[in-house]
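These notes are about the structure you will find just below.
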Amino acid sequence: MLYYWKFQINMAGGYYDAGDNVKFSFPMAFTMSMLGWSVLEFGDLMGSELQNALEAIRWGSDYFLKATKQPNIVVAQVGNPIADHGCWERPEDMDTPRTSYFVSQKRPGSELSAEIAAALAASSMAFRKTDPHYSNLLLIKAMQVPTLLIISNVLLLANNVYLPMLCLGI
């Protein structure tokens, strides 16, 4: 179950889901991970489109920096999925509430936290050569996000292998 905030947060940016006005962090994070890896694997073949790919990655990465800005909270969703799936208008024209739903230590979401961490890490690698400062910022945040995984008794290792914490004696 997701819970919503009772305070204001700027969640501008990121990508909408399915052509409507709701933002789901999980599929967006997967998409950002794939874009990051695409630049790593095929960036030298992208020619002039490499800059467009990096701009798309930055747009999503900036959103995830906002989504993970509050300590021990990760924004999981922006907008009401029922109301927003029925609202097909330009984002500039929408007048529906922009409620943000989140996961936290008390309401864990290890899968979401791990996917956002992976997206930030892949994005960091994509920017390593072109913007080292931004790359480092993304990597630092990627390493901070998995702290929410501890609550779910799972540890994310650098080589993307999940191990129960009990096996590690933690």
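Of everything in region 18-36 that's surrounded by fewer than 21 Cβ atoms within 10 Å (Cβ to Cβ) and closer than 16 Å to G86 by Cα, which residue is nearest to the chain's Cα centre (by Cα)?
Checked region 18-36; the qualifying residue nearest to the chain's Cα centre (by Cα) is F24.
Which of the residues that make up region 96-116 are over 24 Å from N21 (Cα atoms) and modelled with pLDDT of 85 or more?
The answer is A114, and nothing else.
Take the residues of region 61-83 that are more than 12 Å from F26 (Cβ to Cβ) and of a type in the set (A, V, I, L, M, F, W, C): which is surrounded by the most Cβ atoms within 10 Å (Cβ to Cβ)? It would help to see each step written out before you state the result.
Filtering region 61-83 for residues more than 12 Å from F26 (Cβ to Cβ) gives 61-63, 65-66, 68-73, 78-83.
The next check asks that each one be of a type in the set (A, V, I, L, M, F, W, C); those that pass are 65, 73, 78, 82-83.
Details: L65: 16, I73: 20, V78: 24, I82: 8, A83: 14.
Looking at residues that are more than 12 Å from F26 (Cβ to Cβ) and of a type in the set (A, V, I, L, M, F, W, C), I get V78.
Considering each residue of region 87-118, count those that are open to solvent by 50 Å² or more (accessible area, probe 1.4 Å) and within 13 Å of the chain's Cα centre (by Cα), and give that number.
Looking only at region 87-118, we keep the residues that are open to solvent by 50 Å² or more (accessible area, probe 1.4 Å), and these are 88-93, 95, 97-98, 105-108, 111.
Of the ones still in play, those that are also within 13 Å of the chain's Cα centre (by Cα) are 111.
Number satisfying all stated conditions: 1.
Given the conditions (1) more than 27 Å from Q8 (Cβ to Cβ); (2) not in a loop (DSSP other than H, G, I, E, B), and given that G47 satisfies all but one, which numbered condition is not satisfied?
The one condition G47 does not meet is (2).
Could you run through region 119-137 and say how many residues are open to solvent by 40 Å² or more (accessible area, probe 1.4 Å) and assigned to a helix (DSSP H, G or I)?
5
Assuming V22 fulfils every condition listed in (1) in contact with a Pro (Cβ under 6 Å, 6 or more places away or on another chain); (2) at pLDDT 90 or above apart from one, which condition is it?
The number of the failed condition is (2).
The values are calculated or read from the model by the stated rules, or taken from the named source; none is laboratory data. Since we're looking at a predicted model, the values are computed, not measured. All Cβ positions, even for glycine, are placed from backbone atoms using ideal geometry, and neighbour counts span all protein chains on display. To get the accessible areas, we keep the full protein, side chains included, count just its heavy atoms, and leave off ligands, DNA and RNA. Shrake-Rupley method; radii C 1.70, N 1.55, O 1.52, S 1.80 Å.
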